[in-house]
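Single-structure report; data block below.
The values are calculated or read from the model by the stated rules, or taken from the named source; none is laboratory data. The shown structure was predicted, so the numbers you read here are calculated from the model rather than taken from an experiment. A quick note on method: Cβ atoms are made from the backbone with ideal geometry, for glycine too, and the neighbour counts reach across all protein chains shown.
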Amino acid sequence: MLDDLETRVEDRDMAEVPLWRFLLYFLYLGTFGFGGPIALAGYMQRDLVERRRWISAEDYRVGLALAQLAPGPLAAQLAIYLGYVRGGFWGGKGTLFPRLNYFPAALVTAFEIAEVDTPRWRAASARERPSLVTKWRAR
């Protein structure tokens with residue numbers, strides 16, 4: 001019963017935020033987030049629960065538990081759940097988190113196909129180039 005009371009008080013203290021700002025956070029995290037799924041889940045807890053108070057701690061814990069049970073990438077599953085909790089169907093659909101890794105890979109591949117070869121580009125793409133070019137040329 002005490003946990004129920006704490007959850008209700010905690011829900012009241014949550015900050016109201018428009019869905020577009022919530023989704024913008026996931027755009028930022030998907031683009032600039034660094035680390036594995038546990039690190040990204042930790043960033044979500046720090047940013048969304050503790051700092052911004054956009055998600056209740058209880059919703060985060062439930063989402064993390066469900067994401068660990070579901071097949072697929074943990075951080076993406078958690079982002080989709082948190083988006084659903086905050087914005088319903090379109091919130092879950094709009095997190096964009098799982099799809100953001102596509103853009104850097106597509107950019108590097110497009111530049112390699114166009115044979116862009118400048119010192120600045122070689123330095124910028126040194127980490128991703130070998131795996132992406134190998135996948136593209138194998139086709």
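Figures for the structure shown
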| item | result |
| --- | --- |
| Some residue of the range 26-37 being under 16 Å from A76 (Cα atoms), over 10 Å from the mean Cα position of the chain (by Cα) and part of a helix (DSSP H, G or I) | no |
| Enumeration of residues in the range 46-60 that are in contact with a helix residue (DSSP H, G or I) (Cβ under 9 Å, 6 or more places away or on another chain) and part of a helix (DSSP H, G or I) | D47, L48, V49, E50, A57, E58, D59, Y60 |
| Residue within the range 119-136 that is part of a helix (DSSP H, G or I), more than 22 Å from the chain's Cα centre (by Cα), under 17 Å from T31 (Cβ atoms) and at pLDDT below 75 present | yes |
| Top-ranked residue of the range 35-64 - restricted to ones that are of a type in the set (A, V, I, L, M, F, W, C) and farther than 21 Å from G94 by Cα, ranked as surrounded by the most Cβ atoms within 10 Å (Cβ to Cβ) | A57 |
| For T95: the one exception among (1) free of Cβ contacts under 8 Å to residues at least 24 places away in the same chain; (2) within 20 Å of W20 (Cβ to Cβ); (3) surrounded by 19 or more Cβ atoms within 10 Å (Cβ to Cβ); (4) of a type in the set (S, T, Y) | (1) |
